[in-house]
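A short write-up of the structure that comes next.
FYI, it's all coordinate maths here, none of it is from the lab. Model, not experiment: these values are computed from the prediction. Here the Cβ positions follow ideal geometry from the backbone for every residue, glycine too, while neighbour counts run over all protein chains shown.
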Amino acid sequence: MAKQRGETDPSVQSPEAVVQEVGTHPETGLSSSQASQRLQKDGPNVLRAAVPVPGWKRFLRQFQDPLVYLLLIAILISVIAWAVEGWVGWPIDALVILLIVVGNAILGYVQENKAQNAVAALAKMTEVTSAVLRDGVVSRVPSTSLVVGDILMLEEGDAVGADARLLRASALKIQEASLTGESEAVMKDAARLERVLPLGDRLNMIFKGTAVVQGTGKAVVTATGMDTEMGSIAQMLDQTVEGQTPLQKEIGHIGRMLGKAVSAIALVVVVTVLLLSEINSLSDVINVLLLGVSLAVAAVPEGLPAILSVVLALGVQKMAKRNAIVKKLSSVETLGSASVICTDKTGTLTRSEMMIGQAYTSSGYTDLSGVGYIPEGSVSVDGKPLESGQLHAEQVALLSGGSLANNADLRLNKDGEWEIRGDPTEAAFLVAEQKLNVAERRKQRFERVLEIPFSSDRKMMSTIEKDHEHDDMLVLISKGAPDVLMQRCTKCRLGMGVVAFTDELRAKALADVDRLSGAAYRTLSVAYRPIGSHEDLDQLEALEQNMIFVGTVGIIDPPREEVGPAIQEAHRAGIRVIMITGDHPRTAARIAQDLGIIAEDEGALTGEELDRLDEQAFLQAVDNVSVFARVAPTHKQRIVDALQKRGHIVAMTGDGVNDAPALKTADIGVAMGITGTEVTKEAGKMILADDNFATIVSAVREGRNIFDNIRKFLRYLLSSNMGEVLTVFLGVVGAGLLGLYSESGGVVVPLMATQILWINLVTDSGPALAMGLDPQTEDVMARKPRRQTERTIDGRMWLGVLLVGLVMSLATLMTIDFYLPGGMLQGNESLELARTAGFTVLVFAQLFNCFNARSELSSAFTNMFVNRWLLWAVGLSALLQVAVVHVDFLNVAFNTVPLSLEQWGMCILMGSSVLWFSEIRKFVLRQLEK
């Protein structure tokens, strides 16, 4: 029964034709049985949700990482070697690596579940219901049970449950911001349209996901579920592919590069061993295989995936405390890399609360300050408070008059916060009147007798009030479009009196309207007239003549106070802010100028103008224009695509359904948690629980700090692993120089696989994790965003990693040679002791390297003690190394022997060589920078 795309649009059909087409009756609606049959046939009135991923699949997804693949290969080789040996003992290498891989998967799975639970809690809300006419009786039913042909009965405060064609409308205003981006509520009319118009101009249609802010209406449902306009946007999401985050790409690159390096080094070493050693038995082959495992273990930072997940998870928790819920761990860093933030206007940059900013009357104008619907603020003239006198009397008449011709309500809720019911534009008069402290007198003085409702034809509304201060005299108060009211006025309010509405005064009033419109205010005027006892109240519209013009107000949806400073902070960080909205271009430009997004002489580009541009001109427009207005969802997506083609990392914020496709296309979509629709929250990678643009900037700052810390521990882990790889590689290749031969004459490795695992998983992981918690040590918002082509590990960083790794390996091998007989330096200790000493040197070299790795250029002694977690981690790692050298059962497990105090001193001295080498290197680099 649902309307299919491509059929005649209901907006261009008469109400009778639509009713007949959907098979219903306007006075009785569907019968219960008809509704039940249609619900069973068409399905519930819900949007198609993403197919939930089973828990086991989400868990297996945690293993989809190049580094994890390398670790799994290392496990496989180790198990094969163990099997060839005859299943003797336990495959310690394989078990330890497997434990780390599984632990990392569990951590990622748990964190994803936490994010999903937070999103679910945010989305949980009271079930939406609709008033529907069935069996000739009006009753409220869950909106999910609406079907095509249902007759909706609309009134103020209702959520529109489905797309429907209006049959009748009485002063009906619908807030469609979530669908069109238009902040101003739309006045609806049941009249048939001559042609199919854009969504925001289909005045005889109402749409799922919008809300009634004023008036009443009756409509017949024409589409439900995925056939609605909201559903058509949701379908666009299915065709939008999410790309990898910059961090995922970089870690994948590192994993692939390490895989190639491991393969090449392992091949060289294995071939070298085969050439230099006699292979006489299967045991010899097994030893070569184990050597390959040792190299794999040495090359791959086993703890990297887990440390990365922990650091990102901690960043996610910190952001959650600041009202930013991140659904995917890797998205944290993406925000820190963002070079452009594309943002909606209504509800994101603005408060989505209409307020009067200026009020013009015959004697001048006033500025009104304040925040949203909180009835606090000042009414001032040229920066000074408005004092009693002629202008004050006119302003009271203007704001109180607008509050009388008004059906909105302003009240304190149970939480002590101000809220409105009704049209936000009408509520603006109530708030402004409170700032003059005359609201209570007006309520006591006037009593409503009847109302002449607003209509799109009349463009005005009037009420007739009984004035208790003047012998219950009747007064007509009108509020409406300035041009309409002025035509009906013959007099003008001046102070406490009334004068003729001369051409001069009329010209001034029109100039006032132009001035407000030019400043992007929405304008409404107020007029009144006393009603004589002889006048016929049955002829209501005839009474709206010969009125007294009072003045005009300028209404605007004000920017959030915290957004301006947040945008300044973004600009300081080199981040471009672009406003993309469905609102009027003049309004969009005004808000953008007020917030500092564009200069005062810049304007907005409309969706219609974008459609006239070819591809090259479109790209140039995106490069140069920062405000786009009256745009459709497809425009938003094209703008995001164009920015990404230009090499930008794009964050897209929004709350309406119309923002969802662009949110999914962007590198990181940021959905609003309070005003955002469920479709938008599903599409976004991050949700703002407080709908605060400033929270985005805080998240960017946190993302940048996390990225800095990721670089620190990557520098540390990779240089440490490089030291291990070079130690094994150079030890095997230079075995003749070092005396690394077994009693049978075969080459032996300088370090055992279990010893390398100990370094990677115990002494490496703790300090690396602590480095990921390094506090912000510099102003991360004072630098430009990193380019998309800029690698996380650049050329200079790789050179540093190689040099530090080389120093570590040389210090380790020299120590082994010092104690081992038969090398360049004649020692007299056993292989076990020499290997233990080399093992200990490598551990302490890496612990000294912790402080080097915190900065590419700054001395290790700068801010050395600001990170207490790092100090504790280094101390604990040193104690664990003492234990592995001196505790008996650890001696057996890791092939170590106790060292003397003198030998410990030698190991620490050799390990510190990394610190002194790095200090010299950094000093040279700092001089070159100068």
Mind checking which of A500, T523, L474 is farthest towards the positive end of segment 467-542's charge dipole, using Cβ charges of +1 (Lys, Arg) and -1 (Asp, Glu) about the Cα centre?
T523
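About its Cα centre, what dipole magnitude does segment 597-738 give when the only charges are +1 on Lys and Arg Cβ and -1 on Asp and Glu Cβ, stated in debye to the nearest 20?
Details: 14 positive and 20 negative charges, 160 e Å.
Once rounded to the nearest 20, the dipole reads 760 debye.
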Selection from T334, S369, Q358, by position along the positive dipole direction of segment 322-398 (Cβ):
T334
Where a ≥ b ≥ c are the square roots of the eigenvalues of the C-alpha gyration tensor, would you call the chain rounded, which needs a/c under 1.5, or, failing that, prolate if a/b is larger than b/c, or oblate?
prolate
Which value in deg cm²/dmol, rounded to the nearest 500, describes the helix-derived mean residue ellipticity at 222 nm for the chain, given -39,500 (n - 2.57) per DSSP H run of n ≥ 4 and division by the residue count?
-15000 deg cm²/dmol
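Kyte-Doolittle mean at least 1.6 and Cα extent at least 20 Å along the axis: which DSSP H helices of the chain qualify?
Numbers: long enough: 66-84 (27 Å, 2.65); 92-123 (46 Å, 1.25); 246-276 (44 Å, 1.35); 282-299 (26 Å, 2.04); 304-321 (26 Å, 1.42); 390-404 (21 Å, 0.46); 503-518 (22 Å, -0.44); 693-733 (58 Å, 0.61); 795-819 (37 Å, 1.46); 831-852 (31 Å, 1.02); 868-886 (27 Å, 1.42); 913-929 (24 Å, 0.24).
Taking the DSSP H segments of the chain (at least 20 Å long, mean hydropathy at least 1.6), we get 66-84, 282-299.
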Burial ranking of peptide ranges 196-206, 552-562 (average Cβ count within 10 Å, highest at the top)
552-562, 196-206
Using +1 on the beta carbon of Lys and Arg, -1 on that of Asp and Glu, and nothing else charged, what's the dipole of the chain about the Cα centre, debye to 20?
1440
The farthest towards the positive end of the charge dipole of the chain, of the residues G739, V212, Q62, given +1 on Cβ of Lys and Arg and -1 on Cβ of Asp and Glu, is G739
Nothing charged except the Cβ atoms of Lys and Arg (+1) and of Asp and Glu (-1): what's the magnitude of the dipole of segment 355-556 about its Cα centre? Round to the nearest 20 debye.
300
Just to confirm my numbers, what's the Cα centroid distance between segment 373-447 and segment 472-549 in Å?
19
Over the chain, what is the relative contact order in percent, taking alpha-carbon pairs closer than 8 angstrom and at least six residues apart?
12
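What does the charge count around V700 come to, taking other residues whose C-beta lies under 15 Å from its C-beta (Lys +1, Arg +1, Asp -1, Glu -1)? Write out the running numbers ahead of the final one.
Details: positive: K318, R322, R572, R576, K685, R701, R704, R783, K784, R786; negative: E333, E562, E569, D667, E702, D708, D779.
Charge balance in the 15 Å sphere: +3.
Net charge near T812: determine it from the other residues with C-beta under 13 Å of the C-beta of T812, scoring Lys and Arg +1 and Asp and Glu -1. Could you put the intermediate results ahead of the total?
Details: positive: R835; negative: E724, D817.
Here the count lands on -1.
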Work out how far the C-alpha atoms of segment 355-556 reach from end to end along every principal axis, then list the three figures in whole Å, largest first.
47, 41, 34
